[in-house]
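Let me begin by presenting the structure, written as structure tokens, before commenting on it.
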Amino acid sequence: MHLSYNKVSYEVVGKKVDGKWNLKITFYDRYDFETQAWEDSISIGSIVKILNNYAAYAQEVGAIVPYDIKVTVEKSF
């Protein structure tokens, strides 16, 4: 999931009731992968890019199918 969140947008709706704020935060994204540029050195970041690019290739050949996601979090304070 870490690699698939890349162009997140969000919406925040808040309402104050009896001095207490109730928030509803909704995150939107498309579960997909985009190829990332390769660097010459080997590091944790480059290993992540290798995995990401493998997933991007799998998506390209149809093994991974992109889809829209929506995550809602509610918080009161």
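The values are calculated or read from the model by the stated rules, or taken from the named source; none is laboratory data. Source: prediction; values computed, not measured. Backbone-built Cβ (ideal geometry, glycine too); neighbour counts: all protein chains shown. Heavy atoms of the whole protein, side chains included, go into the accessibility calculation; ligands, DNA and RNA do not. Shrake-Rupley method; radii C 1.70, N 1.55, O 1.52, S 1.80 Å.
Computed with a 1.4 Å probe over protein heavy atoms only, the accessible surface of the chain comes to 78 Å² per residue. Descending by average beta-carbon neighbour count within 10 Å, the peptides 64-76, 25-37 line up as 25-37, 64-76, the highest first. Its relative contact order, with pairs defined as Cα atoms under 8 Å and 6+ residues apart, puts the chain at 37 percent. Once the mean of 1/r is taken over each pair of separate Cα atoms and inverted, the chain shows a Kirkwood hydrodynamic radius of 14.9 Å. Relative to the longest principal axis of the Cα atoms of the chain, the long axis of helix 44-60 makes an angle of roughly 90 degrees. Dividing the summed helix terms, -39500 (n - 2.57) for each DSSP H run of n ≥ 4, by the number of residues in the chain produces a 222 nm estimate of -7500 deg cm²/dmol to the nearest 500. With springs only between Cα atoms under 10 Å apart, run a GNM on the chain and tell me which of Gly62, Gly19, Gly45 wobbles the most. Highest fluctuation of the listed residues: Gly19.
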